[in-house]
Each structure stands twice: as C-alpha cells, then as structure tokens.
1. Under a point spin-label approximation (7 Å from Cα along Cα-to-Cβ), what is the N39-S9 distance to one decimal in nm?
2. Collect residues whose amide H, placed 1.01 Å from N in the peptide plane, falls under 5 Å from the amide H of T13; neighbours closer than 5 in sequence don't count.
3. Please give the per residue accessible area of the range 1-81, computed with a probe of 1.4 Å over protein heavy atoms only, in Å².
4. Enumerate the calculated ³J(HN,Hα) couplings along the range 49-65 in order (Karplus 6.51 cos²θ - 1.76 cosθ + 1.60, θ = phi - 60°), each rounded to whole Hz, writing x wherever the residue is Gly or Pro.
Amino acid sequence: DNDFGSVFSESVTRLEFGGYLAGLLGVKSRKLTDKVYFNDTTEDYINNLVEMKIVSGCSDGNFEPDRIISSGEAIIMAVRALGYRDYIETRGSIFEYSVEAKRLGLDFNEDFSAAVTLKDVTELLYDLIERPVLEIISVAVANGDFLNNYSDKKGKSLIEVYRNSSL
C-alpha cells in the first residue's frame with residue numbers, strides 16, 4: 001500500500017536536487033573536472049555543476065549538502081542550467097532569476113525561502129526539459145572532450161542538447 005502523496009511531500013536536500021539536475025543534464029555519472037570545490041562533499045556531479053557554473057557554495061567553502069534546498073536556490077540552479085547565469089547576473093539582482101523563470105514558464109514557489117519538495121522538483125525539472133538553452137557554453141571535461149550547450153537561436157531545448165550530446 002504505497003502513499004505517493006507522502007513521498008512527493010518529502011523535502012529535498014541540496015545534494016539530492018543537484019543529483020536530479022545533474023541526471024537531467026547527463027553529467028551525473030561523468031567527471032568533468034578533477035577539482036573538488038567544497039569541504040563537505042566530494043560528489044563528482046556536484047563538482048560538475050560548479051564547473052558548469054550552475055551551482056555555487058554557501059559559506060566557508062561548504063556546499064551544505066544535507067540542508068533542505070529552498071525554492072530560491074532551486075530556481076537559480078534551474079535557470080543557470082539553461083545558460084542564463086551571466087545574462088542575469090549582469091543585471092545585478094538575484095531577484096532577476098525569478099523574473100526570467102516566470103518568463104520561461106518554469107513552475108516554482110515564489111516564496112524563495114520555502115522548502116522544496118519532491119513534487120516541486122518533479123514539476124520544475126519537467127518544465128525545464130523543453131525550455132531553450134540561451135547561449136553556447138563549452139565545458140572542458142577532464143579527458144579533453146567537451147560538453148556543449150547550444151544557443152536558443154538554433155532552437156535547441158535542454159533535452160535536445162542532452163539527447164544530441166556525446167556523453
């Protein structure tokens with residue numbers, strides 16, 4: 001007798017969200033860098049997301065992997081995964097991530113401090129799949145290969161980039 005409602009209402013940690021996002025991007029089981037960015041986690045997929053400029057730490061060189069991720073943190077990572085980091089951060093405000101997320105039609109809790117549940121993650125990642133990637137980003141992989149994301153001017157969605165990559 002499974003109660004999926006209770007499973008979907010469970011809060012998600014920063015590490016778990018990073019794993020889900022890395023899985024969607026096709027970089028969960030790859031090693032894009034030999035560098036370890038944080039003192040409190042050595043997970044390759046978290047280091048991959050840092051290398052791709054999607055994830056940043058919290059304080060003192062820590063990622064805080066066991067802390068429940070907030071809606072604000074999740075939406076920032078999601079929008080960065082679409083290649084909008086530099087575009088938004090030059091506009092000068094973290095709030096701009098929510099503006100862009102709304103424009104893109106991403107589903108998120110507008111209370112940025114709210115804990116993210118598995119249901120929230122599922123909805124956000126589902127929305128993320130078909131959204132266009134903004135810019136070309138080349139990330140050097142440890143073995144010299146590259147992971148490329150393509151400009152939305154070419155009409156490539158995140159899932160098309162993943163399906164057509166050489167990962």
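The values are calculated or read from the model by the stated rules, or taken from the named source; none is laboratory data. Treat the numbers as computed from the prediction; the structure is a model and nothing was measured. Here Cβ is always computed from backbone atoms with ideal geometry, including for glycine, and neighbour counts include all displayed protein chains. Accessible surface areas use protein heavy atoms only, side chains included; no ligands, DNA or RNA. Shrake-Rupley method; radii C 1.70, N 1.55, O 1.52, S 1.80 Å.
1. In this crude label model, N39 to S9 measures out at 3.7 nm.
2. So T13 has HN proximity to I69.
3. Normalised by residue count, the accessible surface of the range 1-81 is 46 Å².
4. Taking θ as phi minus 60°, the curve returns 5, 5, 4, 7, 6, 9, 10, 10, x, 9, 6, 6, x, 10, 9, 6, x Hz for the range 49-65.
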